[in-house]
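Student: I have a structure here, written as structure tokens, and I will follow up with some questions on it.
Read-outs: derived from the displayed coordinates by stated rules, not from any lab. As the structure is a computational prediction, the values presented were derived from the model and not from experiment. Quick reminder, even Gly has a Cβ in these numbers, built from the backbone with ideal geometry, and neighbours come from all protein chains shown.
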Amino acid sequence: MDTPTYDIAISGAGPAGSALALALARKSPRPRRIALVGPRFAVSRGPATEPNAAIDPRTLALNHGSRVLLEQLAAWPSASADIATVHVSQRGRLGRTLIRHDELEVPRLGSVVGYDDLLSSLHRALLDSGVALIEASPTLTLAAGQVELDLGASRIRSALAVQSDGIRPQGIERQYRQDAVLATVRSARPRPGWAFERFTRNGPLAILPHPHGDDLYGVVWCCPPAEAGRIRALDDKDFAEALYGMFGSRLGRFQPVGDRHVFPLSMHAGPSLINARCVAIGNAAQTLHPVAGQGLNLGLRDVAQLTHVLAPWLARPEADPAGLLAQFARQRRPDRWLTAGITDFLPRVFATGNPLVDHAGGLALLTLDILPALRDPLARHLLQGLRN
């Protein structure tokens, strides 16, 4: 039996890999020559109506640039919650910063969507894209002038391959000794369009508007593993009191909704260029601390840049792609490392427990709030990354 051959094989059908398949299909004269390989394709009838009905507890904060890309791909979920203002503060210290969408001249800073909702929207769009969808967990090997993907019971070949998830990046690693407690809560005094990032000595606490209710908020509470286990085990009343004590009264009292989940936090980053015919994007290139919600946003910028670089090659896939893949890796390097550096620095510097560092952090937040010339470049990077 002949081994099927494709121009591009994408390993990993998560958000980044699925978005890349859609974007490349729009540029390719032969979308059927693009294969997306993943363990399953999640196509549901629509968004979950209750937070605890979702299979995956995660919500995702996508910035304005990511939303524009997904809308262009006709893959934006039907349920989302806009972020117009971000409130950044430090518990127990003076100083705070407000980042507003109108100051940056964008309709919104970002939006929050459910992970499952986004994945279902992407996979529904793929059904009409012409891309070959293959359910498998592949292993990649470089053959003579091609990449081979072992699917277990069969094999496929491609001229080039993209690893988008399923492997951990090899290179730089940091263990934060923090876990993230994920929860959904109902607020007694909701503030539509507001998101909050609060730095504490145990780690950052994010409270984000939820796509399934104006009074609902997604909580990402980062703290040491033992504390995370304790918080997860609290009954609803005690959890609501603990969250109120850590966050304050800006949203009133909280009422927990659904289950709580705990995920360990670490940073891993490796090269984008794996070899002459294979590149890594998204979680296969970098996994970040969730502070500022930059992980998938950075992965979608990988998608946009790789699509731009490969567009001419798709018309002539017999050409050697090595130079283009090297170009992609070179162009993505500054944005990747600056974003990784910011998300690595913030949760560590605010959690030192050193009073001098705490006061300096509060002063920095106050300075950013007073001086737009200092605040806006950081805000724009978090909004859209470094542009080439």
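Student: Non-local amide H neighbours of Gln163 (under 5 Å, H modeled in plane, Pro and chain starts lacking H): which ones?
Tutor: Ser11, Val279, Ala280, Ile281
Student: Further, regarding this structure: Tell me, what is the percent relative contact order of region 130-270, built from C-alpha pairs under 8 Å that lie six or more residues apart?
Tutor: Contact order relative to length: 29 percent.
Student: Next question, about the same structure. What's the ranking of 257-263, 197-203, 17-23 by average number of surrounding C-beta atoms within 10 Å, highest first?
Tutor: Highest to lowest by the protection proxy: 17-23, 197-203, 257-263.
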